[in-house]
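Take a look at the structure below.
Nothing in this text is a laboratory measurement; each read-out follows from the coordinates by a stated rule. Here the structure is a predicted model, which means the values were calculated and not measured. Cβ placement follows ideal geometry from the backbone for every residue including glycine, while neighbour counts extend to all protein chains displayed.
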Amino acid sequence: MARLDENNVWKEIYTYTPEEREFERVVVGAFMNFEESIDITKFVKEYGWDDARLTNLFSDVIWNNPQLFFVSAKNFSYLMMEYSDGELAEYRIIDYQYSIRKEEYSQRKAEIDLVVADAMGKLSGVTDLVEKARRLHDYIVRICEYDEKAAAEIDPSPLARTVYSVLIRHKAVCEGYVMAYRYLLREAGIRSEEVFSDEMNHCWNYVQIGDKWYHVDVTFDDPIFAGKDPKTFPILYDYFLLSDEEITAMGHCGWKIGVPNTIQHR
C-alpha cells in the first residue's frame, strides 16, 4: 500500500506487519472453509485493535485476495460476547455472505484456473515486464466487456464485480477489471495495487515495473466502455502505464491507494 507525500506523489509501499499477516491468514482461512463467522478475539484482546482498524484491514484483505471471489462482505458486522464481569470473551466478524455454495467452489476455481493458464500461455517466452503487462491488459480487454447492468445496479450479483466476472462471465465493472488484472499480474510475477477515486466513483491498477510504479486503467482502455465494437476497434492504450502526472492530465482525479468500498459503477 502506498502513501502520498505533500506533492501527491507515491513515496512508500506499505507492507503488512506480522500481526496483520496473521489476521489475513485467519480471515482467508475462514473464508476458504466457508465458515459463518470469524473469530478475531485475539486481535481485539491482545493487540487492542478497534473497529476502525479491523474494518479497514478486513476490507483490505478481501480486496488483496482475489481468489475470494465468492465472498460478499459489503455488509458485515461484529458480534461481541462478554463474561459476567465485563471482560471480553469473544469478538467475531459476522453477516458477510457467500455468493456460491461450498460444494461449487472447486468447479468455479477450476474454471478460473483454466483461463489463467491460457492467459499465462500468452506470455510464453516473454521476459520484458512491460510486454507482459501489455499482453495481460490486452487479454482482459479481448475477453471482457463493460457490464452496464451491473453498473446500473440492475444486476446486484456479487460475482459481477470479481475475478470470476471477468474471466468466466466476460462482463464486469471496474472492480472486476482491477481484480482480474491484478490476479493475472500476480501470476506473471508483477506486483500491483489498487487505486480508487471517490470523486470519480472508479478504480484502476497501480503497477510496479522495475523500481517505478505506473497507472493502468484497463476499464477505460476497453473500446466497449466507450461504445466501440472491440472486434473492429483497436485496443486502446490511453491509460496504460501512465505516471502520476500523466493519469492526472488524462482527467483522473481525487485518486488514492486503498480499498474502494463505495464504488458503484464506472
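Things to note:
- Computed label-point distance, nm, for sites Tyr47 and Glu245 using a 7 Å Cα→Cβ extension: 3.9
- Straight-distance crosslink candidates among aspartates and glutamates, where the alpha carbon sits under 13 Å from Lys228 and sequence neighbours closer than 8 are dropped: Glu145
- Here the dipole of the chain is about 920 debye; that uses its Cα centre as origin and unit charges on the Cβ of Lys and Arg (positive) and Asp and Glu (negative).
- Computed over the chain, relative contact order equals 15 percent, with contacts defined as Cα pairs under 8 Å that lie 6+ residues apart.
- Between the amide H of Tyr78 and those of Ile94, distances stay under 5 Å, these residues lying 5 or more places away or on another chain, with hydrogens modeled in the peptide plane.
- Helix-only [θ]222 nm of the chain, DSSP H runs n ≥ 4, -39500 (n - 2.57) each, per residue, nearest 500: -10500 deg cm²/dmol
- Tilt relative to the chain, helix 129-143 - C-alpha long axis, 0 to 90 degrees, to 10: 90
- Ordering Phe69, Ser59, Tyr16 by the projection of their Cα atoms onto the charge dipole of segment 2-98, which places +1 on the Cβ of Lys and Arg and -1 on the Cβ of Asp and Glu, puts Phe69 at the extreme positive end.
- Positive-end residue of Leu242, Thr162, Leu123, charge dipole of the chain with Cβ unit charges: Leu123
- Packing around the peptides 101-108, 202-209, taken as the average count of other Cβ atoms within 10 Å per residue, puts them in this order, highest first: 202-209, 101-108.
- Excluding same-chain neighbours fewer than eight residues apart, the lysines reachable from Lys122 by a Cα-Cα span under 22 Å are Lys109, Lys132, Lys171, Lys231.
- Separation in nanometres of the label points that stand 7 Å from Cα toward Cβ, at Asp128 and Lys102: 4.9
- Rotationally averaged projected area of segment 2-98 (alpha carbon convex hull; nm²): 7.6
- Of all lysines in the structure, the ones whose alpha carbon falls short of 19 Å from that of Lys74, not counting any fewer than 8 places away in one chain, are Lys149.
- Total charge dipole magnitude, segment 102-257, about the Cα centre, Cβ charges on Lys, Arg, Asp, Glu only, Debye to nearest 20: 480
- When the chain is described by a simple charge dipole with +1 on each Lys and Arg Cβ and -1 on each Asp and Glu Cβ, the residue from Thr219, Ser197, Phe233 located farthest towards its positive end is Phe233.
- Quotient of C-alpha Rg and 2.2 N^0.38 Å, computed over the chain: 1.05
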